[in-house]
1. Within the range 134-153, is even one residue within 15 Å of the ligand (Cβ to nearest atom), at pLDDT 95 or above and in contact with an Asp or Glu (Cβ under 7 Å, 6 or more places away or on another chain)?
2. Taking the condition in contact with an Asp or Glu (Cβ under 9 Å, 6 or more places away or on another chain) and either surrounded by 18 or more Cβ atoms within 10 Å (Cβ to Cβ) or at pLDDT 95 or above (or both), does residue 104 pass?
3. Does residue 14 satisfy the condition of being among the hydroxyl-bearing types (Ser, Thr, Tyr), within 16 Å of the ligand (Cβ to nearest atom) and under 22 Å from residue 186 (Cα atoms)?
4. Name the one entry in 51, 27 that is away from the ligand (no atom under 12 Å from the Cβ), closer than 26 Å to residue 176 by Cα and assigned to a loop (DSSP other than H, G, I, E, B).
5. Could you count how many residues in the range 80-104 are of a type outside the set (Lys, Arg) and in contact with a Phe, Trp or Tyr (Cβ under 8 Å, 6 or more places away or on another chain)?
6. Do we find a residue being within 18 Å of residue 77 (Cα to Cα) and in contact (Cβ under 8 Å) with a residue 12 or more places away in the chain anywhere in the range 156-177?
7. Any idea which residue in the range 30-48 is surrounded by the most Cβ atoms within 10 Å (Cβ to Cβ), counting only those that are within 9 Å of the ligand (Cβ to nearest atom) and part of a loop (DSSP other than H, G, I, E, B)?
8. Just need a number here: residues in the range 54-66 that are in a helix (DSSP H, G or I) and surrounded by fewer than 16 Cβ atoms within 10 Å (Cβ to Cβ).
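The values are calculated or read from the model by the stated rules, or taken from the named source; none is laboratory data. Computed from a predicted model, the values in this text were never measured in an experiment. Neighbour counts are summed over all protein chains in view; Cβ atoms, including those assigned to glycine, are modelled from backbone coordinates with ideal geometry.
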Amino acid sequence: MRNKGVLFVISGPSGVGKGTIVKELLKRDESIVVSISATTRQPRETDVDGKDYFFITDEKFKSMIENGEFLEYAEYVSSSYGTPKATVLSWLYEGKTVILEIETVGAFQIREKMPEAKLLFIMPPSIEVLVKRLTHADTGTRDNIDDRIQKALDEIKKAPSYDYIVVNDDLERAVEETYKIIESVRKDYGSDDN
Ligand code: 5GP
């Protein structure tokens with residue numbers, strides 16, 4: 001049996017504003033939900049456990065891998081991140097539009113496992129803008145800025161393999177474009193559903 005929901009993977013370099021875009025999508029449409037990942041990284045000041053992430057130990061992360069509890073998982077700047085499987089699958093079964101906001105290694109794992117998933121990459125308007133955002137505000141801490149810049153450049157190279165690329169030059173415009181993409185994919189899914 002085919003899942004009724006639609007799975008969207010949204011990736012993009014740290015500091016590109018993908019979290020803000022996802023928040024706007026959630027406000028717009030209550031059938032859109034976002035998966036809460038598990039991570040071993042330290043919470044930032046603004047992070048809320050159980051809302052932004054499930055902050056867990058390395059041991060717990062390993063046991064979740066062993067028990068097959070992740071849909072995908074990856075390392076990112078010395079921490080582990082993974083998508084808990086059960087909630088995502090039940091949301092898809094319920095017909096929701098599920099967003100995974102994850103990095104590129106995990107995104108390609110999802111494509112392997114669930115080829116019907118759509119991969120969308122949020123691109124900064126320029127490298128200069130991205131470096132500026134990463135160096136100043138975004139992460140709120142000094143954690144690994146140089147590593148994150150390097151990682152961002154590596155991730156941008158993967159963008160051509162994504163199904164869609166949206167440039168975040170203007171928040172409202174980028175949200176609109178992303179929402180239109182979601183709507184058009186949902187329409188395609190619906191059309192062969194009978
Ligand atoms: P941050 O530490 O800035 O919250 O996240 C770092 C990177 O990890 C971001 O690119 C974010 O999208 C990604 N990420 C968050 N959760 C997951 C996850 O469950 N799986 C994977 N593969 N990446 C994740």
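1. Checked the range 134-153: no residue is within 15 Å of the ligand (Cβ to nearest atom), at pLDDT 95 or above and in contact with an Asp or Glu (Cβ under 7 Å, 6 or more places away or on another chain).
2. Working: in contact with an Asp or Glu (Cβ under 9 Å, 6 or more places away or on another chain): yes; either surrounded by 18 or more Cβ atoms within 10 Å (Cβ to Cβ) or at pLDDT 95 or above (or both): yes.
When the stated conditions are applied, residue 104 passes them.
3. It is false that residue 14 is among the hydroxyl-bearing types (Ser, Thr, Tyr), within 16 Å of the ligand (Cβ to nearest atom) and under 22 Å from residue 186 (Cα atoms).
4. Numbers: 27 fails: assigned to a loop (DSSP other than H, G, I, E, B).
Criteria check complete, one pass: 51.
5. Kept after step one, since they are of a type outside the set (Lys, Arg), are these residues of the range 80-104: 80-84, 86-95, 97-104.
Next, only the ones that are in contact with a Phe, Trp or Tyr (Cβ under 8 Å, 6 or more places away or on another chain) stay: 80-84, 97-100, 102-103.
So the count comes out to 11.
6. Within the range 156-177, one or more residues are within 18 Å of residue 77 (Cα to Cα) and in contact (Cβ under 8 Å) with a residue 12 or more places away in the chain.
7. Within the range 30-48, the subset within 9 Å of the ligand (Cβ to nearest atom) is 35-39, 41, 44, 47.
Now drop any that are not part of a loop (DSSP other than H, G, I, E, B), which leaves 35-37, 41, 44, 47.
Details: 35: 18, 36: 16, 37: 20, 41: 16, 44: 12, 47: 14.
Here the answer is 37.
8. As a first pass, look at the range 54-66 and keep what is in a helix (DSSP H, G or I): 58-66.
Among the residues that remain, those that are also surrounded by fewer than 16 Cβ atoms within 10 Å (Cβ to Cβ) are: 58-60, 62-63, 65-66.
The total comes to 7.
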